[in-house]
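Below is one structure, written out as structure tokens; comments come after it.
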Amino acid sequence: NLLYGLAEAIDMLNAEGRFVRVNREFFAVSGYSLNEFQQMSALDFFASEDREMVAQKVREGFRRGSSRCEAELVLRSGRRIPYEFTGHRTLIEGTPYLVGLGVDITERRALQRELEVQARTDGLTEVCNRRRFMELAEYEFERAARYQCPVSVLVLDLDRFKSINDR
């Protein structure tokens, strides 16, 4: 079967959110056995803070035909891995099912965090760049106005900083 050879986690859910099928990769990643899977619902694989959102996306998939979300998959060991899940409704002998694909996005999340750091900091000094400084200054001025408290700004002019920066 094609589904069992794929490197992504594949599952098929019935309308009650119970597993009808899962591929080997889902077993390998999750750490659960077939017997354990048969006793679990899809929501059992998510932390409580993600369950309602995932439940809504499953309902959306059945209602609209497809859905997508990012959530942390909770493994049998308790470890959490960020995954992107997509689901597509299919009919088999008149019964609707949601076929899902789960892709590990750990590397993508790490790259996103690194890009955010690079977009907000100076690579040489590792302090806030001008854009980030302006964002923070605006936030602080708004906060000072809201709470009617003073705000102070300290400006330092470092002599011969260019020579330091050039090194």
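The values are calculated or read from the model by the stated rules, or taken from the named source; none is laboratory data. Worth saying up front: this structure is predicted, and the values here are computed from it rather than measured. Here the Cβ is made from the backbone with ideal geometry for all residues, glycine too, and neighbour counts use every protein chain on show. Note: areas computed on protein heavy atoms with side chains; ligands, DNA, RNA excluded. Shrake-Rupley method; radii C 1.70, N 1.55, O 1.52, S 1.80 Å.
Candidates G78, G100: the one that is outside any helix (DSSP H, G or I), on the phi > 0 side of the Ramachandran plot and under 18 Å from the mean Cα position of the chain (by Cα) is G78. When we screen E126, E107 for residues that are assigned to a helix (DSSP H, G or I), loosely packed, with under 15 Cβ neighbours inside 10 Å and not hydrophobic (A, V, I, L, M, F, W, C), the only hit is E107.
Criterion applied to L34, L6, L98 was being of a type in the set (A, V, I, L, M, F, W, C) and at pLDDT 95 or above, and the one residue passing it is L98. Is it the case, given these coordinates, that F85 is open to solvent by less than 80 Å² (accessible area, probe 1.4 Å) and either hydroxyl-bearing (S, T, Y) or touching a Ser or Thr at 6+ places or on another chain (Cβ under 9 Å) (or both)? Yes: the conditions hold for F85. For the condition touching a Gly at 6+ places or on another chain (Cβ under 9 Å), of a type in the set (D, E) and closer than 23 Å to I105 by Cβ, D11 qualifies. Considering only residues of the range 110-120 that are open to solvent by 100 Å² or more (accessible area, probe 1.4 Å) and of a type in the set (D, E, K, R), which is farthest from T86 (Cα to Cα)? Filtering first and then ranking leaves R120. What are the pairs with Cβ atoms under 7 angstrom where one residue, in the range 138-167, is within 25 Å of T125 (Cα to Cα) and open to solvent by less than 90 Å² (accessible area, probe 1.4 Å) and the other, located anywhere, is of a type outside the set (D, E, K, R) and assigned to a loop (DSSP other than H, G, I, E, B)? Sequence gap at least six, or different chains. Between residues of the range 138-167 that are within 25 Å of T125 (Cα to Cα) and open to solvent by less than 90 Å² (accessible area, probe 1.4 Å) and residues that are of a type outside the set (D, E, K, R) and assigned to a loop (DSSP other than H, G, I, E, B), the close pairs are E140/V151; N165/L124. Looking across the range 23-61, the residues that are of a type in the set (D, E) and open to solvent by 40 Å² or more (accessible area, probe 1.4 Å) come down to E25, E36, D44, E49, E52.
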